Amino acid sequence: MQVREIRELSDQQLQEELDNSYKELMNLRFRAATNQLVDTNQPTKTRRIIARLLTVLNERGLGNN
């Protein structure tokens with residue numbers, strides 16, 4: 001997901017996408033721990049998507065932190 005695509009999302013969609021990304025990252029961590037992860041770069045890609053989502057949320061002044 002590119003920044004351009006993220007900026008087009010509504011605030012509610014951003015929050016849902018962030019929640020889904022955190023869940024996906026947790027699942028990827030479990031799969032990596034049990035050696036079931038095929039693409040070892042996927043956790044890094046997911047963390048970058050989370051960072052992009054958080055950046056856009058902070059730009060909009062909706063950051064949780």
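The values are calculated or read from the model by the stated rules, or taken from the named source; none is laboratory data. Being a predicted model, the structure only gives us computed values, none of them experimental. Using ideal geometry, Cβ is built from the backbone for each residue, glycine included, and neighbour counts are taken over all protein chains shown. Keep in mind that these areas ignore ligands, DNA and RNA; they rest on the heavy atoms of the full protein, side chains included. Shrake-Rupley method; radii C 1.70, N 1.55, O 1.52, S 1.80 Å.
Things worth noting here:
- Heavy atoms of Ile49 accessible to a 1.4 Å probe, total area in Å² rounded to 10: 40
- Under the convention that each Lys and Arg Cβ holds +1 and each Asp and Glu Cβ holds -1, the size of the dipole of the chain around its Cα centre is about 300 debye.
- Comparing Cα centroids, segment 3-31 and segment 38-52 end up 11 angstrom apart.
- Rolling a 1.4 angstrom probe over the protein heavy atoms with all chains in place gives the chain an accessible area of 74 Å² per residue.
- Percent accessible area from carbon and sulfur atoms, segment 6-65, protein chains only, probe 1.4 Å: 46
- Efficiency of FRET between Leu37 and Arg60 - r from beta-carbon atoms, R0 25 angstrom, step 0.05: 0.15
- Helix axis angle, 11-33 relative to the chain longest principal axis, alpha carbon, degrees: 10
- Where only C-alpha atoms are counted, convex hull volume of the chain per residue in Å³: 78
- Residue order by solvent-accessible surface for Val3, Val38 is Val38, Val3, largest first, with ligands and nucleic acids left out and a 1.4 Å probe.
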